[in-house]
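Note sheet for the following structure.
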Amino acid sequence: MPIVKVDGVEVEVPAGATVLQACEIAGKEIPRFCYHERLSIAGNCRMCLVEVKPGPPKPQASCALPAADKQEIFTNSPMVKNAREGVMEFLLINHPLDCPICDQGGECDLQDQSLAYGRGQSRYDENKRAVTEKYMGPIVKTVMTRCIQCTRCIRFAEEVAGVEEIGAIGRGEDMQIVSYLEHAVTSELSGNVVDLCPVGALTSKPYAFEARPWELRKTLTIDVMDAVGTNIRLDSRGRQVLRAVPRINEDVNEEWASDKTRHAVDGLVRRRLDKPYIRKGGRLTEASWDAAFLAISQVDAGSSIAAIAGDLVDCETMYAAKALLGSLGSTLLEGRQTGMDYDTTNLAAVNFNTTIAGTEQADVILIVGSNVRWEAPLVNTRIRKAIKRGAKVFAIGPETELTYKVEWLGEDLGVLGNLPDAVNEAFAKAERPMMIVGGAALKSLGAALALVSPLGLVKDGWNGFNVLHMAASRMGGLMLGYAQKGGIGDVVAAKPKLAFFLGADEVDFGAFEGTFKVYIGHHGDKGAAAADVVLPGASYAEKSGTYVNLEGRVQRGERAVFPPGDAREDWTILRALSGMMGKTLPFDTIEQLRANMATDTPALATLGLATFDWAPPALNAAASGTLTGYPIKDFYLTNAICRASPTMQRCSAELVHGQEFAEAAE
C-alpha cells in the first residue's frame, strides 16, 4: 500500500485511494462541494485544492488525484490557502446574499466553508447572474440562482436513484440544472438531493420557512414507513415533528431515505385520535378512559379474544397485547392483516437472509413477485450497486420500471418449476446467487424454497434466500408469534367475541361482524371507523419502541414528542385495561416490559442482527397462478400516517395518478 506524507506526517493508504482520502486518513480536513463519498468523482468545484510533490508547481484537485507512494501533500501552504480563497471568491460571484431567508441557513456547507476558507470581502462589482426557478415536483423546492453547479444532484439521480431526470443544459456561466422538461422528478428518493445540495439551491418544499436548525430538538429513532428500518432523526419544535432526515447506518440505509420516510411527518398532526370513543346508536361518541375500559371489560368474551397487529406497531405493544390475551387463555394473534398466509415455523425461511448490505455482493438475482422499487426503495439501491459489480437480474411478475435492466420471465408463477436455461446457467456460474420473494409470491413460498438447492442459494458464508416484507412490524410480530397457520382467515373462522386492532387499518372489517372491535391507534382511519371502542394511541414519533426490520435487525427508536390530547402509549393502554379486566399485567414500566419480553423472546433482548437457524420447512413445491399486480398499488398512501399527509396526497396525485398542478410564480 502507498505511503504518503501529509503535512509532514507519514500515513499508509489503501491502494487506489485519492489524495483527498489520504488527507482524511491523516486527520486533515479538506473542503469540498462536488465530491461525495457515495457518488462518482466530478472534480468540478476545485475547492479541494492541495499542493503535491513531486508534481506541477500549482495546486491540484485532491478528489481526482490518485495517492502515490512517496508523495508529499501540503494542505495548508500559502499556495493552497491563496488558491482556495480564489475558488471561493469565484463561487460567490453570482451567489445571492439571501441567507436570512434561505432554508439552508445554519446548516449550509457554503456558509461554513466561506467563513473558514474565504477572503472575507468581495471584489466583484458587475451585475450578478440570475436563474429562473425550475419545477422538480412536490418535494424539492428550487432557488437555482444559488446553484454552484456541483452536479451532486445529477449524479445522485443517475447513479443511486436510477431515474435520469435531472441534468445540466448550457455551458459555462449559462449552465443550468433542470429536471427533464421541467416536470416533477418521479423518483421515490428525490428528497435526498436536498441533503446533498451544499448550498440552498435545492431545499425541502414541505419544510420551507418552517424552522431554523438551532430551534429544533433532535431525536434518534427508526422509520416505520416500510420494513427496511431506516435510521432517521426526527427534528421537532414544541409538540410537533417538523422534519425527518436520515442518519448514517452503513448496514441499513447508508445515508439515504425515501420520500415517504422524509415527508409523511406532516400527517402526524392531522386526523389524530386524541380522546377515547364508544359507539352508541351507530355513532362514535367521546368518552372517558374509565368508560371505554368499562365497555370493553363488560364484553363476555372469555377466551374468545383476538389481537390483530397493524403495519406500524412496535414490539412492546404487540408483546403487551400477547401477554393480555395469554392471561385470558387466548393465542389468536395475527399481524398479516391483509390476508397473507405462509408458513412461519422457521423464521429463516421468511427472513431477508442475505442482509440489506449483503445484496451488493450478489452476482445473479432472481426477483419473484416483488416491485422492489416501491416495497423497499433502499434495497433497490443496493441491487443497483450489485449490477455495477456485474450482477444479472431476472424477475417473475408484471413488468415494471425498477430503474435497472431486468430480464423478465413472465407473470406465471409456474415458471418457478421450470426456469429457463439462461437462468439455470447464470445461477450455476454464480458464487453468490440470490433470490428475493415478494408479497405477491408468498403463496408459492414452497416452490421458492424448493429452488434453494438446485440454484445453490445456501452455501458456506452465504444465504441467498430472501423474503421481502413491507411492514415495519412484520418480523417483530413473527418473532412474537403473531401468525396463525391460515393467516387472518383462522382468526375470522374462530369468530372471536372481542378483537383488538393494534393500529390495523387494512383489515377487512366486514369479516368481523358480530365481534366487539377495539381499535388502539393514532389516526382516525379505517380501523377507527369500524370500531366499537376507540382508544387513542401514540405514533412511532411519540413513543420509545423496538422494531425488527426485514433482515431481522433489532433496532430501537426514541420518543420525539408527546402524544396529543388524552392519547397514551399503546402498551400503557393495554396495561391499564388489564387491571380493569382483572388480569393485571406484570409490568409497570417499559423497562420491566422489555425485560419480560426478552425472557419470552430472547432474540429481542439485544439490539443488532438476530440469528435464525436455517431449517426451512418441507412445503408444497407446486407453483401456479398468474401475478396480475403487486401488493403496493400506491407508494405514497400505504398507511394511515401517509393518508393523513397533504404532501403524500400531493405526491400520489401528481406522481402516481398523473394529475397536473399549476405552479404560481414565486
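Over all other residues within a Cβ to Cβ distance under 14 Å of Ile590, the charged ones net out to -2, with Lys and Arg as +1 and Asp and Glu as -1.
Any idea what the dipole of segment 599-666 comes to, in debye rounded to 20, about its Cα centre with Lys/Arg Cβ at +1 and Asp/Glu Cβ at -1?
In debye, rounded to 20, segment 599-666 gives about 220.
Can you compute the charge dipole magnitude of the chain about its Cα centre, using +1 on each Lys and Arg Cβ and -1 on each Asp and Glu Cβ, nothing else charged? Give it in debye, rounded to the nearest 20.
Working: 69 positive and 83 negative charges, 149 e Å.
My answer is approximately 720 debye.
Simple rule: put +1 on each Lys or Arg Cβ and -1 on each Asp or Glu Cβ in the chain, find the dipole, and look at Val507, Leu577, Ala426; the Cα lying farthest toward the positive end is Leu577.
Largest to smallest in accessible area, the residues Arg271, Arg432 fall in the order Arg271, Arg432 (1.4 Å probe, all protein chains included).
Taking only protein heavy atoms into account and a 1.4 Å probe, give the accessible area per residue of the chain in Å². Present the calculation step by step, with values, prior to reporting the outcome.
On the way: 26950 Å² over 666 residues.
Computed with neighbouring chains in place, this is 40 Å² per residue.
Between Glu29 and Phe661, full extension at 0.36 nm per residue minus the direct alpha carbon distance yields a gain of 223.1 nm.
What pairs from Lys205/Lys633; Lys388/Lys633; Lys5/Lys58 go past 21 Å between their alpha carbons? Show your work: numbers first, answer last.
Details: Lys205/Lys633 25 Å; Lys388/Lys633 29 Å; Lys5/Lys58 18 Å.
Where the Cα-Cα span goes over 21 Å, the pairs concerned are Lys205/Lys633; Lys388/Lys633.
For the residue pair Arg171 and Asp600, what label-to-label distance in nm results when each label sits 7 Å from Cα along the Cα-to-beta-carbon direction? Taking the two extended label points, one gets 7.0 nm. Among Met79, Met1, the order of accessible area from largest down is Met1, Met79, computed with a 1.4 Å probe on protein heavy atoms.
Given charges of +1 on the Cβ of Lys and Arg and -1 on the Cβ of Asp and Glu, with all other atoms neutral, how large is the dipole of segment 1-129 about its Cα centre, in debye to the nearest 20?
On the way: 14 positive and 18 negative charges, 89 e Å.
The dipole of segment 1-129 has a size of about 420 debye.
Accessible surface ranking for Leu457, Leu220, 1.4 angstrom probe, highest first: Leu220, Leu457. Packing-based ranking of 372-378, 479-485, 280-286, 423-429 yields 372-378, 479-485, 423-429, 280-286, ordered from highest to lowest mean Cβ neighbour count within 10 Å. Ligands, DNA and RNA left out, the accessible area of segment 137-214 computed with a 1.4 Å probe is 52% carbon and sulfur.
With a cut-off of 14 Å between beta carbons, the residues surrounding Ala529 carry a summed charge of +1, where Lys and Arg count +1 and Asp and Glu -1. Of all GluC sites (Glu not before Pro) in segment 142-240, which ones are in loop regions per DSSP and have a Cβ with at most 13 other Cβ atoms within 10 Å? Filter output for segment 142-240: Glu164.
Is the C-alpha gyration tensor of segment 468-600 telling us rounded, prolate or oblate? Criteria: a/c under 1.5 is rounded; beyond that, a/b larger than b/c is prolate, otherwise oblate.
Details: a/c = 1.39, a/b = 1.18, b/c = 1.18.
It comes out rounded by the Cα gyration axes.
Just to confirm the filter: which GluC sites (Glu not before Pro) across segment 524-589 are DSSP coil and have at most 16 other Cβ within 10 angstrom of their Cβ? Present the calculation step by step, with values, prior to reporting the outcome.
Numbers: sites: Glu542, Glu551, Glu558, Glu569; in loops: Glu551, Glu558, Glu569.
Those satisfying the criteria are Glu558.
Kirkwood analysis of segment 573-626, using all unique Cα-Cα pairs, places the hydrodynamic radius at 15.0 Å.
With 18 Å as the limit, write out which pairs from Lys260/Lys543; Lys497/Lys543; Lys218/Lys543 have Cα-Cα distances beyond it, or answer none.
On the way: Lys260/Lys543 20 Å; Lys497/Lys543 30 Å; Lys218/Lys543 14 Å.
Result: Lys260/Lys543; Lys497/Lys543 exceed 18 Å.
Annotation: peptides 191-197, 382-388, ranked by per-residue average of other Cβ atoms within 10 Å with the highest first, follow the order 191-197, 382-388.
Ordering 633-641, 341-349 by mean Cβ neighbour count within 10 Å, with the highest value first, yields 633-641, 341-349.
The values are calculated or read from the model by the stated rules, or taken from the named source; none is laboratory data. Small disclaimer: the values here were computed from a predicted structure and weren't measured. Positions of Cβ are generated from backbone atoms using ideal geometry, with glycine treated the same way; all protein chains shown enter the neighbour counts. Areas reflect the complete protein model, heavy atoms only, side chains present, ligands, DNA and RNA absent. Shrake-Rupley method; radii C 1.70, N 1.55, O 1.52, S 1.80 Å.
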